[in-house]
Amino acid sequence: MKDYFAHETAVIDEGCQIGAGTRIWHFSHIMPGAVIGRNCNLGQNVVVSPDVILGDNVKVQNNVSIYTGVICEDDVFLGPSMVFTNVINPRSAVVRRGQYARTTVKRGASIGANATIICGHDIGAFAFIGAGAVVTRDVKPYALIVGNPGRQTGWMSEYGHRLDFDADGRAVCPESGEKYKLENDFVIKIEV
């Protein structure tokens, strides 16, 4: 007996793993070898290719294809129609299976609507990729990335608020009250 929900129009292939409490909506396709964690939500028209790994509580909005080579850790958000690639130099007449580059989206990161992630790069924990951004390099934890090509314009809290650092390199999230420190161009959350 399955302990997840799949809409009647979803296609769930044999040989995939889907965690308890996950919801898969209209016209989505989960392919063999895909691993989807607990309490995920996959919107309409989502494709999860073979060997993709999604952690727990991953939210995938409508019209997202997650290709072989992509790993999303827990609590990742993938916005509507965002795009992953998995080959740097695709050609229709050249078979590149087995040459897929790995892309890892670390815990708590958010990728905005219509953003594009060029394969082979890591998106750091709690990073925030703005809508329409094109990521062409690794992204630091807590970094805010916008534009094409994507460039870092600031830092974000775990609650998704821009962090304003004082002269001592300290900032406070306005929603959670959590404290952060900027040191050597990296942000860390200060545990109290």
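Every test in (1) more than 23 Å from Val58 (Cβ to Cβ); (2) not in a strand (DSSP E or B) is passed by Asn86 save one, and that test is (1). Filtering region 141-151 to residues that are part of a loop (DSSP other than H, G, I, E, B) and surrounded by 18 or more Cβ atoms within 10 Å (Cβ to Cβ) leaves Pro141, Tyr142, Gly150.
Considering region 152-192, and only residues there that are among the charged types (D, E, K, R) and surrounded by 13 or more Cβ atoms within 10 Å (Cβ to Cβ), the residue that is nearest to Cys119 (Cα to Cα) turns out to be Glu158.
List the number of the failed condition for Arg91; all other conditions in (1) among the charged types (D, E, K, R); (2) without any contact (Cβ under 8 Å) to a residue 12 or more places away in the chain; (3) farther than 28 Å from Gly150 by Cβ hold. Condition not satisfied by Arg91: (3).
With the structure loaded, tell me whether Gly21 is crowded, with 16+ Cβ neighbours inside 10 Å, assigned to a loop (DSSP other than H, G, I, E, B), of a type in the set (Gly, Ala, Ser) and in contact (Cβ under 8 Å) with a residue 12 or more places away in the chain or whether it fails that test. For Gly21, the condition - crowded, with 16+ Cβ neighbours inside 10 Å, assigned to a loop (DSSP other than H, G, I, E, B), of a type in the set (Gly, Ala, Ser) and in contact (Cβ under 8 Å) with a residue 12 or more places away in the chain - is not met. The set of residues in region 24-61 that are assigned to a loop (DSSP other than H, G, I, E, B), under 19 Å from Ser110 (Cβ atoms) and without any contact (Cβ under 8 Å) to a residue 24 or more places away in the chain comprises Asn39, Cys40, Val46, Val52, Asn57, Val58. The set of residues from region 24-64 being buried (at least 19 other Cβ atoms within 10 Å of the Cβ), among the small types (Gly, Ala, Ser) and either on the phi > 0 side of the Ramachandran plot or in contact with a Ser or Thr (Cβ under 9 Å, 6 or more places away or on another chain) (or both) comprises Ser28, Ala34, Gly37, Gly43, Ser49.
Consider Ala131 carefully, then state whether it is loosely packed, with under 15 Cβ neighbours inside 10 Å and part of a loop (DSSP other than H, G, I, E, B). Against the criterion (loosely packed, with under 15 Cβ neighbours inside 10 Å and part of a loop (DSSP other than H, G, I, E, B)), Ala131 qualifies. Mind listing just one residue for me: the one in region 82-103 that is of a type outside the set (A, V, I, L, M, F, W, C) and buried (at least 17 other Cβ atoms within 10 Å of the Cβ) and, of those, farthest from Thr22 (Cα to Cα)? The residue in question is Tyr100.
Are any of the residues in region 110-130 out of contact with any helix residue (DSSP H, G or I) (no Cβ under 6 Å at 6 or more places or on another chain), closer than 27 Å to Lys2 by Cβ and touching a residue at least 12 places away in the same chain (Cβ under 8 Å)? Full working, then the answer.
Let us first name the residues in region 110-130 that are out of contact with any helix residue (DSSP H, G or I) (no Cβ under 6 Å at 6 or more places or on another chain), namely 110-130.
Subsequent filtering for residues that are closer than 27 Å to Lys2 by Cβ retains none.
No, region 110-130 contains no residue that is out of contact with any helix residue (DSSP H, G or I) (no Cβ under 6 Å at 6 or more places or on another chain), closer than 27 Å to Lys2 by Cβ and touching a residue at least 12 places away in the same chain (Cβ under 8 Å).
Every residue, every condition in (1) modelled with pLDDT of 95 or more; (2) over 17 Å from the mean Cα position of the chain (by Cα); (3) not small (Gly, Ala, Ser), yes or no:
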residue	(1), (2), (3)
Cys16	yes, yes, yes
His26	yes, yes, yes
His29	yes, yes, yes
Lys59	yes, no, yes
Arg96	no, yes, yes
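The values are calculated or read from the model by the stated rules, or taken from the named source; none is laboratory data. Everything numeric here is computed off the predicted structure, so don't read it as measured data. For neighbour counting, all protein chains shown are included, and Cβ atoms are generated from backbone atoms with ideal geometry for every residue, glycine included.
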